[in-house]
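Report on the following structure.
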Amino acid sequence: MVNTTGGWHKLAGRFNVDVVEAEGLQSNGYYSPDLRVIFINPNLSEKERRYTMLHEIMHVIDNEPNAIKQEADANRFMINAMIDDYLNETGKEIKEVSYVEFMETYKLTNEELVKEIITSKCE
């Protein structure tokens, strides 16, 4: 395991959390609250790393005791960033976004959450 450098390491440091690249992770990333370490898969693209770090940082700052709700909050935080990036990259307005196309672009599976976020951004 090798500590990462750069912006994510600095951001995590603000929350007194370390970021460690870990070969062999079976997911993109994982936050260990006991160790106060975000483990991240070193084989991710920069974009995948960004979204994984946003998701894991939300676990760091979210005090929600319900694990299912905390996971939903972290996903919501990450998907909001994805939508903002998608709008910037495509030049589309939120009302022009096809949730199906968006989900395919980012390989997402949580249709209800994506619909909810896009709908709330349209209001």
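The values are calculated or read from the model by the stated rules, or taken from the named source; none is laboratory data. Note that the structure is predicted; figures quoted are calculated from it, not measured. We place every Cβ from the backbone using ideal geometry, glycine too, and count neighbours over all the protein chains shown. Only protein heavy atoms, including side chains, enter the accessible area calculation; ligands, DNA and RNA are left aside. Shrake-Rupley method; radii C 1.70, N 1.55, O 1.52, S 1.80 Å.
Filtered by the rule that a residue be in contact with a helix residue (DSSP H, G or I) (Cβ under 7 Å, 6 or more places away or on another chain) and open to solvent by less than 20 Å² (accessible area, probe 1.4 Å), segment 45-54 gives Tyr51, Met53. In the condition set (1) open to solvent by 70 Å² or more (accessible area, probe 1.4 Å); (2) at pLDDT 95 or above, Glu71 is compliant with all but (2). Selection of segment 75-123 for residues being in contact (Cβ under 8 Å) with a residue 12 or more places away in the chain, among the acidic types (Asp, Glu) and farther than 23 Å from Glu56 by Cα yields an empty set.
Of note, Ile61 satisfies the criterion of being among the β-branched types (Val, Ile, Thr), surrounded by fewer than 16 Cβ atoms within 10 Å (Cβ to Cβ) and either within 26 Å of Thr105 (Cβ to Cβ) or under 16 Å from the mean Cα position of the chain (by Cα) (or both).
Before we move on, is Thr52 part of a helix (DSSP H, G or I), in contact with a Leu (Cβ under 9 Å, 6 or more places away or on another chain) and of a type in the set (Ser, Thr, Tyr)? Yes; evaluated as a whole, the condition is true for this residue.
Can you name every residue in segment 66-109 that is under 18 Å from Arg50 (Cα atoms) and among the aromatic types (Phe, Trp, Tyr)? Phe77, Tyr86, Phe102, Tyr106, listed by residue number.
Only residues that are open to solvent by 30 Å² or more (accessible area, probe 1.4 Å) and part of a helix (DSSP H, G or I) were counted across segment 107-123, and they come to 8.
Among the residues of segment 14-24, are any at negative phi, open to solvent by 20 Å² or more (accessible area, probe 1.4 Å), touching a residue at least 24 places away in the same chain (Cβ under 8 Å) and basic (Lys, Arg)? No: zero hits.
The sole residue among Ser27, Ser32 that is at pLDDT 90 or above, open to solvent by 20 Å² or more (accessible area, probe 1.4 Å) and among the hydroxyl-bearing types (Ser, Thr, Tyr) is Ser27.
For every residue, the table says whether it meets (1) in a loop (DSSP other than H, G, I, E, B); (2) over 27 Å from His9 (Cα atoms); (3) touching a strand residue (DSSP E or B) at 6+ places or on another chain (Cβ under 6 Å).
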site: His59; (1), (2), (3): no, no, yes
site: Gln70; (1), (2), (3): no, no, no
site: Asp73; (1), (2), (3): no, no, no
site: Arg76; (1), (2), (3): no, no, no
site: Asn80; (1), (2), (3): no, no, no
site: Tyr86; (1), (2), (3): no, no, no
site: Lys92; (1), (2), (3): yes, yes, no
site: Lys95; (1), (2), (3): no, yes, no
site: Glu101; (1), (2), (3): no, yes, no
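Could you check segment 84-106 and list, in sequence order, the residues that are surrounded by fewer than 16 Cβ atoms within 10 Å (Cβ to Cβ), within 11 Å of Lys121 (Cβ to Cβ) and either of a type in the set (Phe, Trp, Tyr) or under 18 Å from the mean Cα position of the chain (by Cα) (or both)?
Taking segment 84-106 first, the residues surrounded by fewer than 16 Cβ atoms within 10 Å (Cβ to Cβ) are 84-85, 88-93, 95-96, 98, 100-101, 104-105.
Pick out the ones that are also within 11 Å of Lys121 (Cβ to Cβ) and you get 84, 93, 95.
Within segment 84-106, just Asp84 meets the criteria.
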